[in-house]
Each structure stands twice: as structure tokens, then as C-alpha cells.
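All of the numbers you see were taken from the coordinates with simple rules; none came from a lab. Quantities reported herein were computed from a predicted structural model and do not represent experimental measurements. Here the Cβ is made from the backbone with ideal geometry for all residues, glycine too, and neighbour counts use every protein chain on show.
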Amino acid sequence: MLLGLAAGIIAAAALLIQFRIHLTNELEQYSRLPAHSKPVRGDSLVVFAPHCDDETLGCGGLLAVARRNNARIRVVFITNGDGYRFAVGTAYKTVRVTPARCIDFAYQRQAETLRALEVLGLDSSSIIFLGYPDRGLARMWDTNWSPDRPYVSPSTRVSRSPYRNSFSYGAAYCGESLISDIERIMESEWPSDVYIPHPCDNHSDHYATYCFVTAALKQLEQEGRIPEGRTRVHTYLVHRGDWPVPKGDHPEEPLSPPSAMTGCDTRWTSLSLEESISAAKRRAIRQYQTQTAIERGFLMSFARSNEVFGTMRDRRVATVKDSVLSVDGRPEDWHGIAPVIVDAVGDYVVAGMRKGGDVRAVYLGRDSHFVHIRLDCVGSLSRRVSYSVNFRGVNAAGLARSLTIKITPGKESRTEGIFWAWRKNVMEVAVPLESFPLHDDLFVQVLTRYAGLTVDNTGWQALSKTTPW
Ligand SMILES: [Zn+2]
């Protein structure tokens with residue numbers, strides 16, 4: 001009986017937290033955001049969509065405005081959505097989801113894209129399909145980086161693009177191939193504006209798309225293949241908890257970013273859509289019939305009177321004199337150093353219940369021997385939560401190196417050579433410079449877990465280049 005009572009209390013607390021998150025998101029809708037500047041003639045836009053429909057959900061109105069104003073437009077689809085097995089089963093009214101059906105389904109999704117973008121005024125010459133594996137992009141970013149270790153899609157059972165209309169037909173399913181495709185496209189477009197998924201989007205293909213495009217752009221700028229500072233990077237959000245609220249078709253309602261993400265690293269802007277444009281976006285969303293058949297309410301909730309876009313604040317590793325930062329769990333010596341990540345707090349039920357795993361901010365500083373990490377959580381750190389800080393460096397040759405630091409307070413860390421300490425809600429870690437992925441482009445992610453559940457995930461965040469390593 002006691003167990004039952006405890007379970008009841010936990011469930012009630014979870015429901016209350018979920019209700020509060022929902023309510024704050026509903027209220028956020030009516031707060032005002034600065035205006036997003038409209039694309040004009042002479043602008044060159046490249047929109048990257050992980051799947052066939054993200055471009056319309058996140059940027060459909062923007063694309064229609066850009067088309068009307070005669071801006072140059074390319075829409076690049078990283079995958080053809082061939083790994084959504086439930087949708088394949090629904091489309092074929094079968095439980096036998098074979099690789100051949102997944103591939104055939106991908107062509108159906110491409111056809112929907114052509115129809116949707118036609119509604120927005122674009123023809124097939126603006127569209128590029130890359131043909132990488134749906135649900136495989138994060139693996140290509142994390143593990144399957146080189147062509148001798150390609151990712152094998154469990155849906156299509158192939159490790160290279162089987163799609164005849166791919167940008168690089170037969171490209172190996174690996175990070176190197178994808179980054180080189182993106183670089184080739186960007187180099188020929190010289191975009192003034194790039195639109196990519198927000199790094200805190202929950203869907204792994206979405207945040208991986210942010211990583212690949214950001215890494216490619218930094219490389220091109222560093223090598224002088226695109227003039228530095230020419231390209232503005234904008235992000236759009238599709239998957240984040242139960243956002244957007246309310247679900248369903250509410251074309252008169254405004255759209256705002258999730259409430260918890262408004263005070264963090266992103267500067268949000270809003271593009272208000274004229275009635276004819278928002279009506280076109282609604283019609284475009286409806287072209288995605290394989291998707292609306294499953295989650296119509298979710299898709300239609302992007303047909304609003306505006307769209308929201310975010311730009312990320314410039315973040316870099318601070319350079320400090322030796323012995324300024326000590327590893328003692330006391331944050332005072334970080335005075336004057338800006339965080340590299342300011343993370344949303346309290347926006348998930350698990351994070352709301354395990355505040356010691358809810359990341360508030362991450363700081364990075366380097367001296368001549370160590371890279372120092374400081375991690376601040378909402379509540380006191382917990383011995384039952386594991387804290388992972390992951391780094392990924394990509395260099396000019398497209399090579400990638402990783403470092404994973406996993407710490408559970410009270411236990412030995414398995415990452416060799418590091419020093420760490422924790423006190424109240426702060427953890428400090430020092431990594432010897434020689435173990436650090438000393439590459440030009442640096443990405444960082446913090447992941448906390450409790451009892452097999454993710455408490456918080458900051459998403460992979462791209463940092464600006466600092467002084468040479
Ligand atoms: Zn998607």
C-alpha cells in the first residue's frame with residue numbers, strides 16, 4: 001500500500017510539473033519578439049531540412065516570402081524520411097515493413113515535398129535531396145564518421161544512398177560524406193542566410209543537422225572558401241517536448257518559442273505572415289499526407305500567423321592565466337568568464353523532479369595545461385545522477401576527434417587523467433590539454449541521466465574559434 005501511495009504521489013507531482021510547463025508555453029505565445037528581417041532580392045537562402053516536411057513546418061512562410069521577393073533559394077533535404085517505419089506501415093496498410101517499402105516510401109515523401117514547395121512557389125530546381133539515412137544522422141556524427149565505418153540503416157539495410165536522385169548517388173552513410181556534400185553546396189551558393197534546426201531540438205536528426213552544417217560553414221570560412229561573416233545562421237525549432245501548444249489548426253494564433261528557451265542562448269525573432277502567405281503554408285503542410293495521416297494535430301500547429309527563428313549567441317572558450325582556475329567545486333574563481341551554454345531549466349518532467357541533474361549553465365576556460373569545465377545545476381548534484389560532458393572537434397581535413405567525460409559523484413570516473421570536484425550544485429573538471437580534441441571546430445554537449453532516463457541534454461553546441469590551441 002505504501003508503494004502504491006508513493007507511486008501515486010510521484011505521478012501527481014509529474015502531472016503538476018507537466019501542467020505547469022504546458023501553461024507557461026501557452027502564456028508565452030502572447031509575448032512580443034523582435035521582427036525577423038524579410039528576405040529580399042539579392043539574398044541567397046539555403047534551408048536545410050532533416051526530413052521531408054521540416055522545411056515547411058519551420059520555414060514555409062519564410063520560403064513563400066523569399067520566393068515572392070525574388071531571393072535565391074535552395075532547400076536541401078538531408079534524409080528522405082525512410083526510417084519512419086510506423087508511417088511506412090500506415091501508408092501501405094501493413095505490418096510488413098520491408099527495406100524495399102521503406103525506399104519506395106522515401107520517393108513518396110519526396111513527391112510530397114515537390115507538391116508542398118510548389119504551393120509555396122518553388123520548383124524542383126530549388127530542391128536538393130541528399131539521401132542520407134533517416135534516424136541515422138546522430139550516429140554519423142558520433143560514431144560512423146569515416147567511409148570505412150559507414151552506418152547501416154536498419155530500415156533500408158543499406159550503407160550508401162540507394163536513391164538515384166541523390167546529390168551524391170551512392171554516397172557512404174558517414175559524417176565525412178555528409179559534411180563534404182554540405183560544403184560543396186554552400187561553396188556554390190555562397191548563401192547570405194542559412195536556416196537549420198535549433199541545436200536543442202529533441203530529434204537526433206535535427207540536432208545532428210545543426211552540427212554538420214555549422215561545422216561545414218566554419219571550415220569553409222576558415223579556409224577562405226566563403227568570406228568570413230558573409231553567412232548569417234538562423235535556426236528553427238520543430239520538436240521540443242509538447243511544444244508547440246496548443247496543438248491543431250489555429251491559423252489566427254501566434255507562435256512563440258518554448259517559454260523555458262527564451263532566457264537562454266538564443267535570440268528569438270518573429271516573422272509575421274500575411275494572410276495569403278500563412279494560407280499557402282497551411283496548404284503546403286497538407287501536401288504531406290503520409291505525415292498528416294499520423295500526426296495531423298502536430299503538423300497543423302505550425303500553421304500560425306507567424307514563424308519564429310533563433311540566432312545563437314557567440315560562445316567561446318575563455319583563455320585564462322595558469323592557476324587562476326582551481327578544481328575545488330567553488331565557482332568564485334570563474335568571475336568575469338561568460339558561460340558557453342545557458343540551458344533551459346525545469347522544462348521536462350524528469351528535470352523538474354531531479355533538479356540536481358537539470359543543467360543551468362556550462363563554462364569552459366583553458367590555460368596552458370588544462371581545459372577547465374564548470375557545470376552548474378539547478379539543485380545539489382546527486383550521487384544517483386551521471387553527468388557526461390562530451391566534446392567533438394572537427395578540423396580542416398574533415399577529421400573528427402571526440403572526448404567523453406562521464407562522472408557520477410561519489411564514484412571514480414572512467415575517463416583517465418582528469419581531475420574533478422563537486423560541491424553543492426557545481427561540478428568542476430580539469431582535462432589535460434593533450435587529451436583534449438584540439439581541433440578548429442569545437443562542439444560541446446552535456447547529458448545527465450538518472451535511473452536509465454535522460455534528465456537533461458543541452459544538445460551539441462558549436463563554439464566560436466578561440467586563439468589557436
Ligand atoms: Zn524532422
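Volume per residue, Å³, of the convex hull around the alpha-carbon atoms of the chain?
156 Å³
For segment 125-231, give the magnitude of the charge dipole about the Cα centre (Cβ charges: +1 Lys/Arg, -1 Asp/Glu; no others), in debye to the nearest 20.
Using Cβ point charges on Lys, Arg, Asp and Glu, segment 125-231 gives about 420 debye.
Any aspartates and glutamates with Cα under 13 Å of the Lys247 Cα? List them, leaving off those in the same chain fewer than 8 positions away.
Once the sequence-local aspartates and glutamates are set aside, what remains near Lys247 is Glu26, Glu295.
Any chance you could list the semi-axes, whole Å, largest first, of the equivalent ellipsoid that the Cα gyration tensor gives for segment 364-438, using √(5λ)?
24, 13, 11
Okay, which of segment 375-410 sit inside 19 Å, backbone N to the point 7 Å along the Cα-Cβ direction of Phe419?
Residues 375, 405-410 qualify, since their backbone N sits under 19 Å from the label point.
Tilt of helix 54-68 relative to the longest C-alpha principal axis of the chain, in degrees (0 to 90, nearest 10)?
60 degrees
Working from Cα positions, state the angle (0 to 90°, nearest 10) between the long axis of helix 175-189 and the longest principal axis of the chain.
Roughly 60 degrees, rounded to the nearest 10.
Put +1 on the Cβ of each Lys and Arg and -1 on the Cβ of each Asp and Glu in the chain; which of Ala11, Gly61, Val320 then has its Cα farthest toward the positive end of the dipole?
Ala11
Report, in debye and to the nearest 20, how large the dipole of segment 343-469 comes out about its Cα centre when Lys and Arg carry +1 and Asp and Glu carry -1 on their Cβ.
Magnitude of the dipole: close to 440 debye.
What FRET efficiency comes out for Arg330 versus Asp148 if R0 is 45 angstrom and r is the Cβ-Cβ distance? Round to the nearest 0.05.
Values: r = 46 Å, r/R0 = 1.03.
Taking R0 as 45 Å, the efficiency between Arg330 and Asp148 is 0.45.
Normalised by the residues of segment 177-308, what does the relative contact order come to in percent, with Cα pairs under 8 Å and at least six apart?
Computed over segment 177-308, the figure is 26 percent.
How far is it, in nm, from the label point at Glu252 to the one at Ala6 when both lie 7 Å from their Cα along the line to the Cβ?
Each label point is offset 7 Å from its Cα along the Cβ direction, giving 5.1 nm.
What do you get for the angle between helix 2-28 and the principal long axis of the chain? Use alpha-carbon atoms, 0 to 90 degrees, nearest ten.
That works out to roughly 60 degrees.
Within segment 361-469, which GluC sites (Glu not before Pro) sit in a loop by DSSP and count at most 10 neighbouring Cβ atoms inside 10 Å?
Passing sites in segment 361-469 are Glu412, Glu416.
So if R0 is 45 Å, what FRET efficiency would Met353 and Thr94 give, r being the distance between their Cβ atoms, rounded to the nearest 0.05?
Approximately 0.65, to the nearest 0.05.
With a Förster radius of 41 Å, plug the Cβ-Cβ distance of His369 and Arg157 into 1/(1 + (r/R0)^6) and report the FRET value to the nearest 0.05.
Calculated transfer efficiency: 0.30.
With a sphere of radius 11 Å drawn around the Cβ of Leu63, what net charge do the other residues whose Cβ falls strictly inside it have (Lys, Arg +1; Asp, Glu -1)?
Summing Lys and Arg as +1 and Asp and Glu as -1 gives +2.
Measure off 7 Å from each Cα along the Cα-to-Cβ vector at Ser464 and Ala451, then give the distance between these two points in nanometres to one decimal.
Distance between the two pseudo-spin positions: 4.3 nm.
Report the residues of segment 434-464 in range of a label on Ala397: point 7 Å along Cα→C-beta, backbone N strictly under 17 Å from it.
437-441
Provide the three semi-axes, in whole Å and in decreasing order, of the ellipsoid equivalent to segment 210-285 as defined by the square roots of 5 times the Cα gyration tensor eigenvalues.
Gyration-tensor ellipsoid for segment 210-285: 31, 17, 12 Å.
Taking loop as defined by DSSP and a crowding limit of 12 other beta carbons within 10 Å, which chymotrypsin sites (Phe, Trp or Tyr not before Pro) in segment 347-439 fit?
Details: sites: Tyr348, Tyr363, Phe370, Tyr387, Phe391, Phe419, Trp420, Trp422; in loops: Tyr348.
Taking segment 347-439 and a limit of 12 other Cβ atoms within 10 Å, no loop chymotrypsin sites (Phe, Trp or Tyr not before Pro) are found.
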